[in-house]
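Enquirer: This is the structure, below, for whatever I ask next.
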Amino acid sequence: MESITAHGTLESVLGYIREELRARSGRFLDRAERSLAQHWTQVLDLNERAAMQEAGRWLTTNKPAIHARIYRQLIDALNARPATPPDQTSLRVLEAAELAITLARDQMVSKVMSQGRAELAALEARFELLAGDGAYANPKALWPGALADNFIVVLKSLNAPERVQRMLIDSYGDEGIRLLLEFYHGINALLIRSNVGRSLSDPFATSDREIESLRIGDRSVFALARAVRLVLGRLQQRMAGVDLTTWTPGTLRELIERQFAQSRSSLSRAQAQSIDHVESLLLDWLRDDRISGRVREEIRRLTLPILVGRLICGDEFAAPDNPIRVFLRQLAVIGYRDQEFPLSTYDSVRLIVDRIVAEQGGESASFRSAADALNTLSRQEVRRRLSVQAHDRPAKPATEAAEASLAAFVREAHRQ
């Protein structure tokens, strides 16, 4: 495809995105507005009713501004080159409303990625073909996590009441997911009509030999990241059968080499080192009996997404404050909590992990927000345990060991 043709195709795609975004976000906001109007009439508490009415008025007034800013944010994101995320030198404690929005967003992103992974993979591949002809756009800007994050940024920039933010996320639902999947399908259909990547309608339906010949020929770590993402489901199934007690160093590399055995191309030294690095890091936690069994299973589920994330971020992964490593440490802390005092928020932990697994480790910002969410849940569990032990103390005096454990929790909570 010539450069002029590629730029013309990209302009058509951006025009389609503009019109579809206006139409689909309009339908979504209209439905949310109707939902608010229906619900406030059923609320008996006058203060609650007044708050819902105020939220409805805010939404009615700000819909045009929301449309305009969402589109501007998306165009800026499409034009931006992916940047290496800065180190995560500190962790945030999320307010209750922000944590609820984060978890609701994670659930939505997981569903969209699970149902629309083939469309997104094809979209990413087609955008790369356009970029090869000089017409660049960042496909990650269209990922559901990026769209949801930009939407929340827009709401905050307009000083949207927390009630509106939470209500919009909650009301997204299955209809919103369907609209987003149709949005991706429409962009792919337009690119196919423009003769961009006609054979890439479903990358996950290609044969093993086609995947291997296309992706493993390049011996860089980035090529391996792409290859692992394409066959991640099959690799996950094989890893699920590995007994943690018999897992030895090199097992992960052997599984990956076996998956691509027909490609007649061995792993490069850089690829092998990257795999072994991730495996050695995770094995320490997978074998740590102080971490609860169910959290160790979550760590096992994360092995391949973590590998993809490590391959993408390259040498930056070595930094102790890299967001992926910060996230893993927070997950381990949650595992220690769960082993000592079963978590009341385990479903939330699983939601956070589900999103990263669904994204296949391909979205670096997810690790950063996940680490903050886990840190918040960890603190909540510390407070819950202190409260329970304080309540039980008069009826059953604590032993010296229990007192020492409680003191350790207090010191750790203070340090965090």
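The values are calculated or read from the model by the stated rules, or taken from the named source; none is laboratory data. Bear in mind that the values here come from a model prediction, so they are computed numbers and not experimental data. Glycine gets a Cβ as well: all are built from the backbone with ideal geometry, and neighbour counts include every protein chain shown.
Enquirer: Kindly indicate whether any position in the stretch 191-209 is modelled with pLDDT of 80 or more and of a type in the set (Ser, Thr, Tyr). Step through it out loud before you land on a result.
Expert: First, pick out the residues of the stretch 191-209 that are modelled with pLDDT of 80 or more: 191-198.
Now narrow it down to the ones that are of a type in the set (Ser, Thr, Tyr): 194.
For the stretch 191-209, residues modelled with pLDDT of 80 or more and of a type in the set (Ser, Thr, Tyr): present.
Enquirer: Would you confirm whether or not the stretch 82-89 contains a residue that is free of Cβ contacts under 8 Å to residues at least 40 places away in the same chain and within 19 Å of the chain's Cα centre (by Cα)?
Expert: Within the stretch 82-89 (the criterion being free of Cβ contacts under 8 Å to residues at least 40 places away in the same chain and within 19 Å of the chain's Cα centre (by Cα)), the answer is yes, since at least one residue qualifies.
Enquirer: Out of curiosity, is ALA37 in a helix (DSSP H, G or I), without any contact (Cβ under 8 Å) to a residue 24 or more places away in the chain and either within 26 Å of ILE312 (Cβ to Cβ) or more than 23 Å from the chain's Cα centre (by Cα) (or both)? Give the derivation first.
Expert: Numbers: in a helix (DSSP H, G or I): yes; without any contact (Cβ under 8 Å) to a residue 24 or more places away in the chain: yes; either within 26 Å of ILE312 (Cβ to Cβ) or more than 23 Å from the chain's Cα centre (by Cα) (or both): yes.
It is true that ALA37 is in a helix (DSSP H, G or I), without any contact (Cβ under 8 Å) to a residue 24 or more places away in the chain and either within 26 Å of ILE312 (Cβ to Cβ) or more than 23 Å from the chain's Cα centre (by Cα) (or both).
Enquirer: Can you tell me which residues in the stretch 346-381 are more than 17 Å from LEU286 (Cβ to Cβ), touching an Asp or Glu at 6+ places or on another chain (Cβ under 7 Å) and surrounded by 22 or more Cβ atoms within 10 Å (Cβ to Cβ)?
Expert: Correct list: ILE352, ARG355, SER366.
Enquirer: Tell me the residue from THR84, THR102 that is touching a Cys at 6+ places or on another chain (Cβ under 9 Å) and either closer than 20 Å to GLU359 by Cβ or among the hydrophobic types (A, V, I, L, M, F, W, C) (or both), please. Step through it out loud before you land on a result.
Expert: Working: THR102 fails: touching a Cys at 6+ places or on another chain (Cβ under 9 Å).
After ruling out the rest, the residue left standing is THR84.
Enquirer: Filter the stretch 259-314 for residues that are surrounded by 14 or more Cβ atoms within 10 Å (Cβ to Cβ), over 19 Å from the mean Cα position of the chain (by Cα), acidic (Asp, Glu) and part of a helix (DSSP H, G or I) and give the result.
Expert: Within the stretch 259-314, ASP276, GLU279 meet the criteria.
Enquirer: List pairs: first in the stretch 188-203 and charged (D, E, K, R), second at pLDDT 90 or above and surrounded by fewer than 20 Cβ atoms within 10 Å (Cβ to Cβ), Cβ under 7 Å, 6+ apart or cross-chain?
Expert: ARG198/ILE192
Enquirer: How many residues are among the small types (Gly, Ala, Ser), in contact with a Leu (Cβ under 9 Å, 6 or more places away or on another chain) and at pLDDT 85 or above when one looks only at the stretch 51-93?
Expert: Taking the stretch 51-93 and keeping what is among the small types (Gly, Ala, Ser), we get 51, 55-56, 65, 68, 77, 80, 83, 90.
Keeping just the survivors that are in contact with a Leu (Cβ under 9 Å, 6 or more places away or on another chain) gives 55-56, 65, 77.
Pick out the ones that are also at pLDDT 85 or above and you get 65, 77.
Number satisfying all stated conditions: 2.
Enquirer: If I go through the stretch 160-184 residue by residue, how many of them are at pLDDT 90 or above and surrounded by fewer than 16 Cβ atoms within 10 Å (Cβ to Cβ)?
Expert: Counting residues in the stretch 160-184 that are at pLDDT 90 or above and surrounded by fewer than 16 Cβ atoms within 10 Å (Cβ to Cβ) gives 1.
Enquirer: Could you list, ordered by first residue, the pairs with Cβ atoms under 6 Å in which the first is in the stretch 360-388 and closer than 27 Å to ALA227 by Cβ and the second is not in a helix (DSSP H, G or I), at least 6 apart or interchain?
Expert: SER364/PRO85; SER366/GLU359; ARG368/GLN88
Enquirer: Sticking with this structure for a sec: Hey, SER213 hits all of (1) within 19 Å of the chain's Cα centre (by Cα); (2) modelled with pLDDT under 80 but one; which does it fall short on?
Expert: Going through the list (1) within 19 Å of the chain's Cα centre (by Cα); (2) modelled with pLDDT under 80, SER213 breaks only (1).
Enquirer: Output the number of the condition that SER157 fails; it satisfies all remaining conditions of (1) farther than 21 Å from CYS313 by Cα; (2) surrounded by 13 or more Cβ atoms within 10 Å (Cβ to Cβ); (3) modelled with pLDDT of 85 or more; (4) more than 20 Å from the chain's Cα centre (by Cα).
Expert: (2)
Enquirer: Inside the stretch 112-139, can you point out the residues that are within 21 Å of ILE101 (Cβ to Cβ) and either crowded, with 20+ Cβ neighbours inside 10 Å or touching a Pro at 6+ places or on another chain (Cβ under 9 Å) (or both)?
Expert: Passing the criteria: VAL112, MET113.
Enquirer: Select from the stretch 57-103 the residues that are part of a loop (DSSP other than H, G, I, E, B) and either touching a strand residue (DSSP E or B) at 6+ places or on another chain (Cβ under 9 Å) or among the basic types (Lys, Arg) (or both) and write down the one among them that is surrounded by the fewest Cβ atoms within 10 Å (Cβ to Cβ).
Expert: In this case the residue turns out to be ARG81.
Enquirer: For the stretch 264-319, enumerate the residues that are within 19 Å of ASP354 (Cα to Cα), in contact (Cβ under 8 Å) with a residue 60 or more places away in the chain and among the aliphatic types (A, V, I, L, M).
Expert: Hits for the stretch 264-319 are LEU304, LEU307, VAL308.
Enquirer: Can I ask one more? Looking at (1) without any contact (Cβ under 8 Å) to a residue 12 or more places away in the chain; (2) of a type in the set (Ser, Thr, Tyr); (3) closer than 21 Å to ASP347 by Cα, can you tell me which one SER114 breaks?
Expert: The number of the failed condition is (1).
Enquirer: Of all the residues that make up the stretch 309-335, how many are at pLDDT 90 or above and within 11 Å of SER274 (Cα to Cα)?
Expert: Residues meeting the conditions: 0.
Enquirer: Quick one: in the stretch 315-328, of everything that is over 17 Å from the mean Cα position of the chain (by Cα) and assigned to a helix (DSSP H, G or I), which residue is nearest to LEU232 (Cα to Cα)?
Expert: As a first pass, look at the stretch 315-328 and keep what is over 17 Å from the mean Cα position of the chain (by Cα): 315-321.
So of that shortlist, the ones also assigned to a helix (DSSP H, G or I) come out as 315-318.
Details: ASP315: 23, GLU316: 23, PHE317: 21, ALA318: 23 Å.
Only one residue tops the list, namely PHE317.
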